[in-house]
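The block underneath contains the structure these notes are about, expressed in structure tokens.
Laboratory data are not the source of any read-out in this text; all were calculated from the coordinates shown. Given the structure is predicted, the values throughout are model-derived calculations rather than measurements. Every residue, glycine as well, gets a Cβ built from its backbone with ideal geometry; the counts of neighbours run over all protein chains shown.
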């Protein structure tokens, strides 16, 4: 098949509407009008670029320890932070003792509590509690295909794209030639999966004979 113009999946789609960890489809599904073998895919490339750079809703959590009889007896949440896809590492230090350990509980990206798994010994004052910062936000982009517009198969995945690496000069989530397909299908779409909720960001995506702008391909992307 020959694509003789730009076909858009997304036009300034609002990335702040994405739920963390959930694959959200592009605002547009491309309908190629009839079932056909769309591979080999050499003539075209997929691109997804951020018109407004993504800004993640992330903040490091903090906790306050209590000590009694030389041991850590509890840790209260001082600030739950934001942007945690999984429980962070908790480090307990100072206070004159050693051996205290704790784990964190996370709900909806926020630290909601701490569990002291070992109280340690020798503490003469409450030690400091350090909670690891949230990881850099990432996004997975997938190219999906369908024969009926309801059941979708993934043709190509671009996982773990580091959103902090995007710049105004290189705002591309994806600039790539998709995989070959020997399956007949009619519809194509993209899905976006952000690791955390975003406070800002838009994406425009499509397929074309070539990707727009004379900008070098980022590392690990298919040229």
Q. Among 25, 137, 127, which one moves the most in a GNM of the chain with springs linking Cα atoms closer than 10 Å?
A. 127
Q | Kirkwood Rh, angstrom, the stretch 113-207 [1 / mean 1/r, Cα pairs] | A | 17.3 Å
Q: Please tell me the relative contact order of the chain in percent, rounded to the nearest whole number, where contacts are Cα pairs under 8 Å and at least six residues apart.
A: 36 percent
Q. Measuring from label point to label point, each 7 Å out along Cα→Cβ, what is the residue 169 to residue 32 span in nm?
A. 3.6 nm
(Q) Using the basic label-point model (7 angstrom from Cα toward the beta carbon), what is the residue 22 to residue 68 distance in nanometres? (A) 4.2 nm
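Please give the FRET efficiency for residue 124 paired with residue 79, using the beta carbon to beta carbon distance and R0 = 25 Å, rounded to the nearest 0.05.
On the way: r = 26 Å, r/R0 = 1.04.
That pair, residue 124 with residue 79, gives E of 0.45.
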Q | Cα convex hull of the chain, projected area averaged across orientations, nm² | A | 14.2 nm²
Q: Using a Förster distance of 25 angstrom, determine the FRET efficiency expected from the C-beta separation of residue 183 and residue 11, and round it to 0.05.
A: 0.35
**Q.** Calculated on alpha-carbon atoms, Rg and Dmax of the stretch 62-131 in Å
**A.** 11.7, 36
Q. If you find the alpha carbon centre of the stretch 91-148 and of the stretch 46-63, how far apart are they in angstrom?
A. 20 Å
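With r defined as the distance between the Cβ atoms of residue 112 and residue 148 and R0 fixed at 41 Å, what FRET efficiency is calculated, to the nearest 0.05? Don't skip to the answer; put the middle values down first.
Values: r = 42 Å, r/R0 = 1.02.
Efficiency for this residue pair is about 0.45.
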